[in-house]
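Participant: This is the structure I have questions about; it appears just below.
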Amino acid sequence: MPGSPRSRTAPAGLVVALQRLGVILSVLWAAATIAFVAIKAIPGDPVAILTGGENVVDAAERAALVARYGLDQPLAVQYARYVAHALAGDFGQSYQYRLPVITVIAEAAGPTLQLAGAAMVLALGLGLASALVSAGRRGWLRGVLSGLELVVLSTPVYWFGLLLIVLFSFTLGWFPIIGGDGIPALVLPAVALSLPLAALLAQVLRDGLEEALAQPFALTIRMRGVGEAALRLRHALRHAALAASTLAGTLFAGVLGGSILTETVFGRSGIGQITIQAIRTRDMPLLLGLVMLSALASVLINLSLDALYRRIDPRLRRAAP
Amino acid sequence: MTGAGADPRDPVLREEARSTPVLAVEGLHVAFPGRSGPDEVVRGISFTIRPGEVLALVGESGSGKSVTARALVGLAGARARIRAEALRLTGHEGRALDLLGLSERRWRAVRGRQVGFVLQDALVSLDPLRRIGQEVAEPILAHRLLPRDAVAGEVQALLARVGIPDPAIRAAQYPHELSGGLRQRALIASALAGRPRLLIADEPTTALDVTIQRQILAVFADLARAGHGLLLITHDLAVAAQVADTIAVMQHGAIVEAGPARAVLADPRHAYTRRLLAAVPGPETRQSWLSRAGPRPERARDPRPAEPILEVRDVAVRFSRPGGAVDALAGVSLRVRQGETFGIVGESGSGKTTLGRVVLALQRADRGEVLFEGRPWSTLPERSRRPLRPRIQTIVQDPLGSFDPRDTVRRILEQPLRLQPGLAAGQRAARAAELMALVGLPREMLARRPRTLSGGQRQRVAIAQALAGQPDLLVCDEPVSALDVTTQAQILDLLADLQHRFGLTLLLISHDLGVIQHMSDRVAVMKDGRIVETGPVEDIFAAPADSYTRRLLAALPALPARAAPDAAAEPIGPSDAARAPGLEIHA
C-alpha cells in the first residue's frame, strides 16, 4: 500500500511526538506511583523510613521533612505532591551525601555513561566481526569463535576484570591498576564489561545472518554476481539487525543501570556504586531517584528501538501509530 | 573435470554470432555425496539455446531441473560435483566463455552479467528490506556497468521495459507494496540489469494467478523476441506451451524427450511426457482420471438433488484495515447440493478463502448466515456447534503449517479420533491404519514426522486427518496449489475417488480454472467479494456471461494435444512491454 504514515500529513509527526511524550510521562508516573505505594506499605514511622533509621535526624530536620513530604496532609495530597516533585526531577536530599539526589545521580552518571557507552560500542564491534566472519561457514574459525563465546558467557565478569588487571596493569603496566581518569582508565573496565555482551550479540547476530542467508533473496543476490562480503554487509546484516537491536537495547539498559561488579573490581565510581550504597544505608530519596532514572532509561531505549525497527524494516512502517 | 581449459574456441564461431548458441551444454552431470556413494541427480544431459530461443526444461520436483539451472551459474552448492564434456556460454561481443572449473571470482563476473536469473515468488526472492530501485540497480553496481549518476535512469528504463507503469514511483517502493504481478516484473528487471544475453527463469510464474501468469510469460516472450536466450524451468507443461520454442522433458536427471514445442506437445513420444500432459486438468479431462488411464466413474447422485447440504445466505464480512475498511465478502449466497463438487474460482483477494472460513464457522459473518443441512450453523454458539464440527472438515494449501512438527503421522491422525467417544486405543490404531490405506500411504509412514514427508504425502495425511471424523462436507482451500502437476493429478484423483466412495460433498476453492473445470459439477466465479456468475461448470465456461469470467478463461493455457485444432496453444503475442522503448539487447 503506497503512502507510509510519514507522508500522510504534516501534523502526523507532531501527533507521534506527543504520543511518545505521553508514553514517557506515563511510565515515569507509574514508576513514581509504585515507589510511593512501596514506601507507604512499609510499616513504621515514615520519617524513619525516609532517613534510613530511627533517630537519625533531629526534631528541626524532622519537622522540615514532615512539611516537605506533607506527611501531615491527607494521603491523596501526599501522593499528588510526591508525583509532581518526582516528575520535576526533585527527589529531595540524599541523607548519605547531604546533597540533592539529582546532583548525586548526575555526578555518578558521567563515569557510568562512559563505561556503558564504551562497552556497548566494543561489544557491537566484536559481536559483528565474530558473526560476520563465521555465519554460515563450517570451518574451524566458526568452531573457535562460538567456543570462545561459550567460555566468555559462562565466566563471571569480575574474573575477566581480575585477569585483565593482572595481565595489563601488574605485568605489562599499560593501564592504571585502579581508579584514575580519562581514556586509559576506561579501557580495561570497558573490555571486561563488553566481553559477555559481545558474546551474546554475536550469537544472536549469527543466527539472524544464517537465517537471512538461507532465504531465497540471498540466492537472487548471489545470482547477480554480488560477492559474499557485500551480500552479508548490505543485505543479510540488516535482517539480522532486527533481533540483535532488541537484545542490544536490553543489554544497554542493563549496563546503564550500573555495572556494580565491574565498577567494584576496577574501583570506579558510577551508578552501580551509588545504588549499592543507597541500598546499604537505606538512603530512600536516592533510591527513589535511581528507580525513576532506570525507568526513564528503559522507556527511552524502547522508544528508540521502536523507531529503529521501522528504519530497518519497511514492512513495519504501515503499522506505525 | 573434462573440458576445463580445453581448446580455445575457434574464431569461426565469432563470425556466425547470430546462430551461435548462447549456451551449449554437453553431457552435464551433477552429483552430491550421499550415504552410499555419490548421488547423481543430473545424468549427462545436453542442450543448446540460441539467441531468441525459449527452451523449457520440464519435469516434476526432484527431476534435477533446478539443480541444472543452478549449476549453470555455479551455485549448485559447495558439495555439488559437476562434470561435463562442454559447458559453454557465448558472452558479450561473441566471446566464448568456458564455464568449467571457474574460480569463484570468475563465476561472479558471469552471474548477473552473462546470465540473468529469475526465481519464483518475488515477495521472498527480492530483499524485502530494500527498495525496488536498489534491488534492480544491484547488478549494475556489482559489475560497474554505469557511473553512479546514470543508474537511476537506467533502473527506470529497465522497469518500463518489463511493463511496469510509473517506474519512478515504483523504484522508490518496497517489494511488499507492489502487487504480485508487478513484483515479479521487478524481479525480471533486476535479472536484466546486467544486460545478460542468457536468462534463466526457475518456476517464474508459480504462485501467480492465471491472468498474471499470462502477462509475465508475455514479458519473457518479448525478451526472447528481442534476442535473449531463455531457459525456462517449470513443472507445468501448460506453462511451457505458452512460450517455449523447444521443450526438453526431464525425468530422474535425464532428458527423456526433447524437440520443437509443438511436436512434443502434439505428439509426445515418451511415456513420461504423455503422463505429464495427461496430468494437466481442464475441461477435456472431466470424464477421466489424471494420474492413470481410464474413465472416472460417474458419481452416485443423491436421490434428492435439490436438497442442499450447505446454504450460504447473503453473507457479508468486512475487515478494518489501516486506510479504511475492506469488504472481503459483500453479500454472497450459494447452495451446495449433497454429493456434488462445488467449485469457487477467483483470483487472490477475491474473498474465496474468507468464504471458506465462514462456511467452516472460523470467521464470523457480519451479515447473513450459513445453514448446514437446512439447520442453523453459523449462528449457533460454539458449544452447540462443536458436536457437529467433525462433519465439516477442511484441507488447506500447505498442511505443514497446521501440523505440530513434533507429532508423528500417527498422532496427527489419532488426534481427531480421540474426540470420538468410546474408541479404545486399539481401535484408534486400527482406524489410523485404515485411514492411511484410504489415502494410499504405506502404514510404515505412521511413525514419520510431517517434515520428512513430500508435499504430496503431507497433503494425503491432511486428507486422512479430515476423513477421520467421517465428514459429509470437505472444504478444500487451494488443496493442490503448492504441488507440481503430477502430484496435483494424484491428489485430485484421490479426492474424486474418495468422493465417489463416500458420497462426500466438496467445496473446492481454487485460483486454477483447470482444476475447477476438471473437478466441479457447479461453479461460482468470485471477484471483489461477490459472486459474478454461478451455474453448471459446462454452461459457465461454454458461454461465460460475465466479462471477468471471459478474461479468466482467456488466460487459461491450452494444450494442443487435447484442445480443438483452432484453439491450439496460440503463442503469446506482443504485450504492452513490447511497445515500450528500448526493447532490444544492448550488449
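Participant: Tell me whether the range A:106-129 contains one or more residues that are modelled with pLDDT under 90 and farther than 24 Å from A:SER259 by Cα.
Facilitator: No, the range A:106-129 contains no residue that is modelled with pLDDT under 90 and farther than 24 Å from A:SER259 by Cα.
Participant: While we're on this one: Could you grab me the full set of residues in the range A:225-244 that are under 20 Å from A:PRO196 (Cα atoms) and buried (at least 19 other Cβ atoms within 10 Å of the Cβ)?
Facilitator: Within the range A:225-244, A:ALA240, A:ALA241, A:ALA244 qualify.
Participant: Those residues that are away from chain A (no Cβ under 14 Å) and part of a loop (DSSP other than H, G, I, E, B), I need them from the range B:41-73; list them, please.
Facilitator: Residues satisfying the conditions are B:ARG50, B:PRO51, B:GLY52, B:GLU53, B:GLY59, B:GLU60, B:SER61, B:GLY62, B:SER63, B:GLY64.
Participant: Would you mind listing the helices (runs of 4 or more DSSP H) fully within the range A:58-164 where at least 2 residues are touching a residue at least 24 places away in the same chain (Cβ under 8 Å)?
Facilitator: A:75-87, A:101-134, A:140-153, A:157-164
Participant: Same structure, new question: Taking A:VAL27 as the residue in question, decide whether it is under 30 Å from A:ARG317 (Cα atoms) and either part of a helix (DSSP H, G or I) or modelled with pLDDT under 85 (or both).
Facilitator: yes
Participant: Please indicate, with yes or no, whether at least one residue in the range A:289-312 is among the hydrophobic types (A, V, I, L, M, F, W, C) and free of Cβ contacts under 8 Å to residues at least 12 places away in the same chain.
Facilitator: Yes; the residues of the range A:289-312 include at least one that is among the hydrophobic types (A, V, I, L, M, F, W, C) and free of Cβ contacts under 8 Å to residues at least 12 places away in the same chain.
Participant: List the residue pairs whose Cβ atoms are under 9 Å apart, where the first residue sits in the range A:256-277 and is basic (Lys, Arg), the second is in a helix (DSSP H, G or I) and surrounded by fewer than 19 Cβ atoms within 10 Å (Cβ to Cβ), and the two are 6 or more positions apart or on different chains.
Facilitator: That search, which allows pairs on different chains as well, returns nothing.
Participant: Sticking with this structure for a sec: Looking at (1) part of a helix (DSSP H, G or I); (2) within 14 Å of chain A (Cβ to nearest Cβ), can you tell me which one B:THR206 breaks?
Facilitator: The failed condition is (1).
Participant: Moving on. Filter the range B:530-542 for residues that are touching a residue at least 24 places away in the same chain (Cβ under 8 Å) and in contact with a Ser or Thr (Cβ under 7 Å, 6 or more places away or on another chain) and give the result.
Facilitator: B:VAL537
Participant: B:ARG161 is checked against (1) under 13 Å from B:VAL136 (Cα atoms); (2) in contact (Cβ under 8 Å) with a residue 24 or more places away in the chain; (3) of a type outside the set (A, V, I, L, M, F, W, C); (4) surrounded by fewer than 22 Cβ atoms within 10 Å (Cβ to Cβ) and fails just one. What number does that condition carry?
Facilitator: That leaves (4) as the condition not met.
Participant: Related question: List every residue pair whose Cβ atoms sit under 7 Å apart, with the two residues 6 or more apart in sequence or on different chains, where the first one lies in the range B:76-87 and is crowded, with 17+ Cβ neighbours inside 10 Å and the second, anywhere, is outside any strand (DSSP E or B) and of a type in the set (Lys, Arg).
Facilitator: Taking only residues 6 or more apart or on different chains, the pairs are B:ALA76/B:ARG70.
Participant: Just for helices (runs of 4 or more DSSP H) wholly inside the range A:215-321: which have at least 2 residues that are more than 24 Å from B:ALA172 (Cβ to Cβ) and either within 14 Å of another protein chain (Cβ to nearest Cβ) or out of contact with any helix residue (DSSP H, G or I) (no Cβ under 6 Å at 6 or more places or on another chain) (or both)?
Facilitator: Qualifying helices (runs of 4 or more DSSP H): A:216-222, A:237-256, A:271-280, A:284-312.
Participant: So which residues in the range B:362-377 are without any contact (Cβ under 8 Å) to a residue 60 or more places away in the chain and under 24 Å from B:GLU533 (Cα atoms)?
Facilitator: Passing the criteria: B:GLN363, B:ALA365, B:ASP366, B:ARG367, B:GLY368, B:GLU369.
Participant: If you check B:LEU232 against the conditions, is it within 18 Å of the chain's Cα centre (by Cα), at pLDDT 90 or above and either of a type outside the set (S, T, N, Q) or closer than 30 Å to B:LYS527 by Cα (or both)?
Facilitator: yes
Participant: Let me ask another. Out of B:ALA201, B:ALA191, report the one residue that is within 12 Å of chain A (Cβ to nearest Cβ), in contact with a Phe, Trp or Tyr (Cβ under 9 Å, 6 or more places away or on another chain) and in a helix (DSSP H, G or I).
Facilitator: Just a single option satisfies the conditions, and that option is B:ALA191.
Participant: So in the range B:164-174, with the set limited to residues that are more than 9 Å from chain A (Cβ to nearest Cβ) and within 21 Å of B:ILE212 (Cα to Cα), which one is surrounded by the fewest Cβ atoms within 10 Å (Cβ to Cβ)?
Facilitator: Within the range B:164-174, the match that is surrounded by the fewest Cβ atoms within 10 Å (Cβ to Cβ) is B:PRO165.
Participant: Right, another one. Out of everything in the range A:276-298 that is touching a Ser or Thr at 6+ places or on another chain (Cβ under 9 Å) and either at pLDDT 90 or above or not small (Gly, Ala, Ser) (or both), what residue ends up being surrounded by the fewest Cβ atoms within 10 Å (Cβ to Cβ)?
Facilitator: A:ILE276
Participant: Another one. Say we look at the range B:430-471 and pick out the residues that are polar (S, T, N, Q) and part of a loop (DSSP other than H, G, I, E, B); which of these is farthest from B:SER63 (Cα to Cα)?
Facilitator: Restricting to residues being polar (S, T, N, Q) and part of a loop (DSSP other than H, G, I, E, B), the top hit is B:GLN470.
The values are calculated or read from the model by the stated rules, or taken from the named source; none is laboratory data. Everything quoted here is computed from the prediction, not taken from an experiment. Please note: Cβ atoms are built from the backbone with ideal geometry, for glycine as well, and neighbour counts cover all protein chains shown.
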